[in-house]
Structures are given as structure tokens and as C-alpha cells.
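**Student:** Quick one: the structure is below, and I'll ask about it shortly.
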Amino acid sequence: MAQVMSPVPGTFYTQASPEEPTYKSKGDSVAVGDTIGLVEVMKTFIEIKAETAGTFDSYLVENGAAVTAGEALAQLEE
Amino acid sequence: MPIQRMFIANRGEIAVRIIHAAQAMGVHTIQAYSEADADMLAVRLADESVCIGPAQAAQSYLNVDAVVAAAKAAKADAVHPGYGFLAENAGFVRALTAAGITFVGPSADTIDRMGDKVAARQAAQSAGVPVVPGSKGRLETTDEAVKVASEVGYPVMIKAAAGGGGKGIRIAQNEDELRKMAPQAQAEAAASFGDGGLYLERAIQSPRHIEVQIMGDGKDAVHYFERECSMQRRRQKVWEEAGAACLDEETRKHLCDTAVSLAKAVNYVGAGTLEYLYDGVTKEFFFIEMNTRIQVEHPVTEMLTGTDLVQEMIHVCGGGKLRQQQSDITRSGHAIEVRLNAEDPLMQFMPFPGQVTGLTVPEGKGIRFDHFLYEGYQIPPFYDSLLGKLIVHAPDRAAAIDLMVTALEGLEIEGVKTTKPLHLALANDAAVRADDFHTQWLEPWLAAGNLTSTR
């Protein structure tokens, strides 16, 4: 399993807005550079991108949860 | 009855500012904080503090029920909202009123009236304040918008009637563009604000942003002159001055007098600001909106006029009469404020929450630093990036800019990136020194690489 880490502290979102579906669901293919979530830091939204390709497994943090820099946000099978 | 126990429903530098003002008046302070803010300076300074919820602002500082319940439990007789969060939320004011608690600001009805752009514009017009030529009321259809645009002249600006903070603003250069943009603006306004009403006005090219500080006690009102706040990035003010050196005395008097007329016409209570666009070529100014709260940049006005605006608003909102007549309020010298944000200006202003490992604050005549930092403070990532405001006051504008350079050089906030390099570059820029800029100036200046080249 490869993990996607948050580069910054903030609030994690699994979807672009409450009306949108989650960026990824279990079984989705993930390419390098795919957005898997957003971290809101000081009112700025930063797209969190996959650095490895694979198959999406799960989010490790709930939508809207506080995260720290370096925290694992999601995992995927390489 | 004068306020005795004041609850502060805000955080950061403005909470610290309010505590200092209240304590100087002998008012007991009760500071609200979220779980992420237990270590903030305002909590340390206040007489009491109370946790109001989790880190996310929606569950703490923006949670009307939680804030009102906490204020009630703390036996507060008043709540100061600061700026942002619930400062202009009429529902919050009504909930406080129902709980028998004074809101340090205007009435819910005034907030409602001034928060609706169309209603605010009508109030301004009837008080004799010039407004940008535009629609008389709400527009519901594209054809109506096209008809109004042909009367006021292109380019036109389309805004949501219920909007704020620049959201949903579009500029159409001609009828074709307007016909495309109006339905989009309407859909966006309906989605964002639950209200698809639009209004439209002439877009003023390269305007200055000038604003007037007013204070009212419900019957009488006074002004504390104007501020120049054209230096903006993404519609956020970056550098603010008092007064506006570009105004002649006659224009200044007209601007400030009409602002007072509007404040009196709405029986305004507390501190407020009327914002205007100013066309330096024609010397015309046009009202755009009123902010019914104390503003971030209030210190430049305090330096210019020698009045503590936060103490004055606490006084009038506690039922006191204005303590100064208009003729008592005079302006002296020139003041400038810069906003120190936890952002890296050399990396597209990327937010930089971190730990303050060292802090050196410049001191001296005419230098003031409003902030909430201390050595070892961990800046939380959940709120905006404003760390503090460096303010200088000197006999004239050129001297104030020189003093700003000295003050910036003496300010060290270690452990985090800040916007200090931006302000040093601005203070040394020829156009800034010549007072030759407008609201559309800073972004192209940054895009042209002026910041990296002066590093």
C-alpha cells in the first residue's frame, strides 16, 4: 500500500464541494498527479495529488477532519 | 447602561486589540476560543476565557448557538464581534438581543439594510451620497440588465444583490458579453446566497478605493476622515493609509460630510465604514458599500486622529453619547499600515502556518504593532493568515514611508514566512512613493516580477 501524505496542516476534504462526489472511490485507478483531495490551510485550498500510480483503496481521514503536516490522507495499491 | 462584562467572539490580533481597549475602560473581558486556539495571546490576556467548540470556524466562531450560549453562561452583558466571523450577521444580533445581551455594533435591522447592496445603495442615494450609475433596484432578467446597461454605459459590473467580498462580480465590455454573463451570475448568486437577484453598475476604470470612518450613537454621528486602501491583491487589502493624499480639501470635505449624512439617516450605532470608488481624473467618488463593524485597518485612523475607535464603539454601544463633536476631531500627519500575513510572497503567497521561534518588535515614536504573537506560539492553520499589522505615523507621507522601512527592518518574526519582503519592496517602489497606484495596480506589479527582482 502506498500512502498519500498532506504537505501542510489544515482541514482535509475528500470532495471539491458538498454537492460533488469524492475525488476517488475504492477500485478507481489513480495516475501520478491525480487529485485525491483538498487541504484547506489559512483559507487557501491546496490540491493533494498522488505521487504514485495505482488503484485507490481508501481515505484514512474523514471529510472535514483536521490534519497535520505529514499525516497520511489516503492509501492505494501500487 | 455602560458595558461591564464583555464577551469577545473573535480571535487573533483583533481579540487582543479589543481586550486592551476594554481593560483600559475597566470592562471585564471574557474571551471565546476554539479548541485550536487555547494557547492564543487573547486567552492569556483576558480576565476569563471559555472554549466554544472545535477548531473549524463553522463549529466555533461561526456557530451562533454556541457563541450565544457561552456568552449567556459567562453572564456577559455585551458581545464584541471584532471583524469577520459573526460581525455582520443580523441573525446573531437578534439571538443576542433575545438573550438580553448588547451587541457591540449596530442593530440587526441596520446590518440587514446595509448588507443588502441594493438597499444600501438606496439609503445612500436618499442621504445625498453619490453612487455609481447603475440599476435602480434588483434585476431579475437578462433583458432588464441589457436595458439598464445601455443607459449607464459600458463597461458594466454585474453583482449579486445579496453578495459580498467580491464573490460573483463580473465585468461585461459590451452587450454580447452581458447576455452571456448575466445568466451565469444569476445562477451563481442563487447557488451561493439562495437569492438570484442581480444589480448592475458602470465599471469605473483604474479606481482608487477610498473609505470613510464614521461613528454613531443612534442619534448623532461623526466622521474620522478617510483612508486610502487601493493596494489590494485578490480584493484583499495589503497596505492602507490615512488620509488619502490624492484628495483635495474640497473633495475630502464633501466625501466625509455625505458619509455622516448617511450614518445619521440610518441612526447608526457603533463604528462603521463607507467604502467608495474614486476616479482621480474626474475627482468623482461613488459609494459602493458600508461595512457595519470595526475594520482591520482602523489603526491608521486612530494614529491620524488620536482617537481610540474601539473604546469609542464600546462606549456608544453601552448607551453612551459620542464624546467628540465633529469640530473636536482633527487630522495630523500621515499614517500607513501594512498587513503581515503568514504567507510566502515569493511562492505565490502560499500560507505558512508555523511556530514563532523568535520575535523582535520595532519600537519608537510613531511605530505601533498590533498582533497576537509570542515566542513559541504555534500558528494554527484553520483561520486566516493575518499575524499582525505594522502601523507608522509621521508628519507627512514621505516621512511615513521612510519610517515604515525602518520599522519593517526592525521587525523579525522568526520561524515563519511573512509578507514583510512585499512591504519592503512596496515602500521602496517609485510609483508607491509618488502615490501613483489604484485598485488594479498591485497584481500586474507582482506578475511583472517586481518582488523577486528587489529581493
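**Student:** Condition test on A:VAL39, is it within 11 Å of chain B (Cβ to nearest Cβ) and either within 25 Å of B:TYR383 (Cβ to Cβ) or at pLDDT 95 or above (or both)?
**Tutor:** So A:VAL39 passes the test.
**Student:** Where in the range B:326-387 are the strands (runs of 3 or more DSSP E), entirely inside, with at least 1 residues that are modelled with pLDDT under 95?
**Tutor:** none
**Student:** Output the number of residues of the range B:331-355 satisfying the condition of being of a type in the set (A, V, I, L, M, F, W, C), away from chain A (no Cβ under 14 Å) and either under 19 Å from B:GLU443 (Cα atoms) or free of Cβ contacts under 8 Å to residues at least 40 places away in the same chain (or both).
**Tutor:** Adding up the residues that qualify gives 2.
**Student:** Among the strands (runs of 3 or more DSSP E) lying completely within the range B:189-268, list those that include at least 2 residues that are within 21 Å of B:ASP116 (Cβ to Cβ), of a type in the set (A, V, I, L, M, F, W, C) and touching a helix residue (DSSP H, G or I) at 6+ places or on another chain (Cβ under 8 Å).
**Tutor:** The qualifying strands (runs of 3 or more DSSP E) are B:198-202, B:208-217.
**Student:** Which condition from (1) surrounded by fewer than 19 Cβ atoms within 10 Å (Cβ to Cβ); (2) away from every other protein chain (no Cβ under 14 Å); (3) among the hydrophobic types (A, V, I, L, M, F, W, C); (4) out of contact with any Ser or Thr (no Cβ under 7 Å at 6 or more places or on another chain) is the one that A:ILE46 breaks?
**Tutor:** (2)
**Student:** Could I ask something else about it? Determine, yes or no, whether B:LYS365 is of a type in the set (D, E, K, R) and without any contact (Cβ under 8 Å) to a residue 12 or more places away in the chain.
**Tutor:** When the stated conditions are applied, B:LYS365 passes them.
**Student:** Next question, about the same structure. Take B:LEU359 and decide whether it is more than 14 Å from chain A (Cβ to nearest Cβ), more than 22 Å from B:TYR61 (Cβ to Cβ), touching a residue at least 24 places away in the same chain (Cβ under 8 Å) and surrounded by 21 or more Cβ atoms within 10 Å (Cβ to Cβ).
**Tutor:** no
**Student:** How many of the residues making up the range B:39-89 are small (Gly, Ala, Ser) and more than 14 Å from every other protein chain (Cβ to nearest Cβ)?
**Tutor:** 13
**Student:** Follow-up question, since we're still on this one. Quick one: which of B:LEU262, B:LEU274, B:LEU304 is over 17 Å from B:ILE111 (Cα atoms) and hydrophobic (A, V, I, L, M, F, W, C)?
**Tutor:** It is B:LEU304.
**Student:** Tell me, which residue of the range B:418-442 that is surrounded by 13 or more Cβ atoms within 10 Å (Cβ to Cβ) and of a type in the set (Asp, Glu) is farthest from B:GLU241 (Cα to Cα)?
**Tutor:** B:ASP429
**Student:** Among the listed residues A:VAL4, A:VAL32, which satisfies the condition of being loosely packed, with under 14 Cβ neighbours inside 10 Å and either of a type in the set (Val, Ile, Thr) or more than 24 Å from B:MET347 (Cβ to Cβ) (or both)?
**Tutor:** Exactly one residue qualifies, and that residue is A:VAL32.
**Student:** Six or more apart or on different chains, Cβ under 9 Å: which pairs go from a residue in the range B:266-278 that's closer than 17 Å to B:GLY243 by Cα to one that's in a strand (DSSP E or B) and of a type in the set (Gly, Ala, Ser)? Could you list them?
**Tutor:** Between residues of the range B:266-278 that are closer than 17 Å to B:GLY243 by Cα and residues that are in a strand (DSSP E or B) and of a type in the set (Gly, Ala, Ser), the close pairs are B:GLY272/B:GLY216; B:GLY272/B:ALA221; B:TYR278/B:SER230.
Conditions (1) over 21 Å from the mean Cα position of the chain (by Cα); (2) more than 14 Å from chain A (Cβ to nearest Cβ); (3) within 24 Å of B:HIS209 (Cα to Cα); (4) aromatic (Phe, Trp, Tyr), marked per residue:
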| site | (1), (2), (3), (4) |
| --- | --- |
| B:LYS365 | yes, yes, no, no |
| B:TYR377 | yes, yes, no, yes |
| B:LYS389 | no, yes, yes, no |
| B:HIS393 | no, yes, yes, no |
| B:ALA400 | yes, yes, yes, no |
| B:PRO421 | yes, yes, yes, no |
| B:ASP435 | yes, yes, yes, no |
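**Student:** Something else now. Could you please give the count of residues in the range B:330-352 that are surrounded by fewer than 17 Cβ atoms within 10 Å (Cβ to Cβ) and either β-branched (Val, Ile, Thr) or not assigned by the TED database to the domain that holds B:GLY388 (or both)?
**Tutor:** Number satisfying all stated conditions: 1.
**Student:** In the range A:2-36, which residue that is within 14 Å of another protein chain (Cβ to nearest Cβ) and touching a strand residue (DSSP E or B) at 6+ places or on another chain (Cβ under 6 Å) is nearest to B:ALA191 (Cα to Cα)?
**Tutor:** A:TYR13
**Student:** Looking at B:VAL118, B:VAL146, B:VAL79, which one is under 22 Å from the mean Cα position of the chain (by Cα) and assigned to a helix (DSSP H, G or I)?
**Tutor:** Step by step, each of B:VAL118, B:VAL146, B:VAL79 is checked, and only B:VAL118 is under 22 Å from the mean Cα position of the chain (by Cα) and assigned to a helix (DSSP H, G or I).
**Student:** Could you pull out the residue among B:ASP402, B:ASP435 that is out of contact with any Ser or Thr (no Cβ under 6 Å at 6 or more places or on another chain), part of a loop (DSSP other than H, G, I, E, B), of a type outside the set (Gly, Ala, Ser) and over 30 Å from A:VAL8 (Cα atoms)?
**Tutor:** After applying the criteria, what remains is B:ASP435.
**Student:** Can I ask one more? Please note which strands (runs of 3 or more DSSP E) are completely contained in the range B:1-58 and include at least 3 residues that are assigned by the TED database to the domain that holds B:GLY100, more than 24 Å from the chain's Cα centre (by Cα) and surrounded by fewer than 23 Cβ atoms within 10 Å (Cβ to Cβ).
**Tutor:** Correct list: B:48-53.
The values are calculated or read from the model by the stated rules, or taken from the named source; none is laboratory data. As the structure is a prediction and not an experimental result, all values here were calculated from the model. Quick reminder, even Gly has a Cβ in these numbers, built from the backbone with ideal geometry, and neighbours come from all protein chains shown.
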